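What follows is a set of notes on a single structure, which appears directly below.
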Amino acid sequence: MADRVPAGPARMYGVLAWAWIRAAAQYPVSMALLALATALVTGLDVAAILLLFAHAPRIAGFTAPEVLFLYGTSALAFGISDIVLGTTERLGYHVRQGTLDTMLVRPVSPLVQIATEEFSPRRFGKLVPAVLVLAYALTRVDVAWTAGRAAMVPVMVAAGTAIFGGLWVLTGAVQFVLVDSHGASKSVTYGGGFLTQYPMTMFARDFVRGVTFVVPLAFVNWQPALYVLDRPDPLGLPEAARFASPAVAVLVCAAGALAWRTGLRHYRSTGS
């Protein structure tokens, strides 16, 4: 009999995630309530934005529909990446407890195992406010829609998802060396998700340079949004920067993959 071809990482991810979903589905009411609660908690960020506009017609020169557009694209990209790879932040816990050693002897990538750990349908509740707000903003924002601007919206969400995904893996891989860096990692991932919900014109220029050239959060939705909204770049970057998000996403994902593989290669068992 011919040897069975090992399943790929994507297939194994689906198999493990589906196993967790089926387990959660044994309690459908609880699953639905948890998803609803997640949606409501996530929606508090929208409430904060609306509260700000209750006291001012613009925020850093941007109207309410424009800021809601930034929120929708950011929250959707972050939500998808969090669903798929958010639990990679638990790597430090597995290193400390020695449970990573168990994962290494299984015929499935440790990254896939950690990323699907306790996968729950309630995570999808995070996407509800993002989708609703983005749909609303697209109908209200004052934009002369062209084919290029319309196409940029799904591109920026996809690229933003990949950038956040790369950052999840990259910050998770740091925990191979700095086991207790969980809190610092959250400042990049969750902090980045919050930061990109608002116009970068709210922040100091040096800070904006940092999230453009060091941790490229500006390419999640800010740079492509400048093209969609027909706004000038406060840093004076060339027009090409508006379209650089896919290339930046590839670089961030490559950096995350390299960091993860390097961490695994140099990992030494706890012996426990």
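A few notes on this one:
- Accessible surface ranking for Arg96, Arg265, 1.4 angstrom probe, highest first: Arg265, Arg96.
- In sequence order, calculated HN-Hα J values of region 79-93 (Karplus, 6.51, -1.76, 1.60; Hz; x Gly/Pro): x, 5, 5, 5, 4, 7, 10, x, 7, 5, 5, 7, 4, x, 4
- To the nearest ten degrees, helix 44-53 and the longest principal axis of the Cα atoms of the chain are 10 degrees apart.
- CD proxy at 222 nm, helix term only [per DSSP H run n ≥ 4: -39500 (n - 2.57); per residue of the chain; nearest 500]: -20500 deg cm²/dmol
- All other residues whose Cβ lies under 11 angstrom from that of Lys126 are scored, Lys and Arg at +1 and Asp and Glu at -1, for a net of 0.
- Sum of side-chain charges, Leu68 neighbourhood, beta-carbon under 14 Å (Lys, Arg +1; Asp, Glu -1): -1
- Accessible surface of the chain, 1.4 Å probe, proportion on carbon and sulfur as whole %: 68 percent
- Val41, Val105, ranked by accessible area, largest first (probe 1.4 Å): Val105, Val41
- Angle of helix 28-42 to the longest C-alpha principal axis of the chain, folded into 0 to 90 degrees and rounded to 10: 40°.
- In terms of its Cα atoms, region 196-269 spans 51, 23, 20 Å along the principal axes, sorted from long to short.
- Computed over protein heavy atoms with a 1.4 Å probe, the accessible surface of the chain works out to 51 Å² per residue.
- Each of Ile49, Phe203, Ala218 was scored by the projection of its Cα onto the charge dipole of the chain, and the greatest displacement toward the positive side belongs to Ala218; charges sit on the C-beta of Lys, Arg, Asp and Glu.
- Folded to 0 to 90 degrees: helix 9-24 orientation relative to the chain principal axis, Cα: 90 degrees
- Scalar couplings 3J(HN,Hα) for region 118-126, obtained by applying the Karplus form with A = 6.51, B = -1.76, C = 1.60 to θ = phi - 60°, are 6, 4, 10, x, 4, 4, 5, x, 5 Hz; x denotes Gly and Pro.
- Charge dipole magnitude, Cβ of K and R +1, D and E -1 - the chain, Cα centre, debye nearest 20: 400 debye
- The share of alpha-carbon pairs in the chain lying farther apart than 36 Å comes to 20%.
The values are calculated or read from the model by the stated rules, or taken from the named source; none is laboratory data. What you see is a predicted model, and the numbers here were worked out from it, not measured in a lab. Positions of Cβ are generated from backbone atoms using ideal geometry, with glycine treated the same way; all protein chains shown enter the neighbour counts. When the accessible area is computed, the model is the full protein with side chains, heavy atoms only, and any ligands, DNA or RNA have been set aside. Shrake-Rupley method; radii C 1.70, N 1.55, O 1.52, S 1.80 Å.
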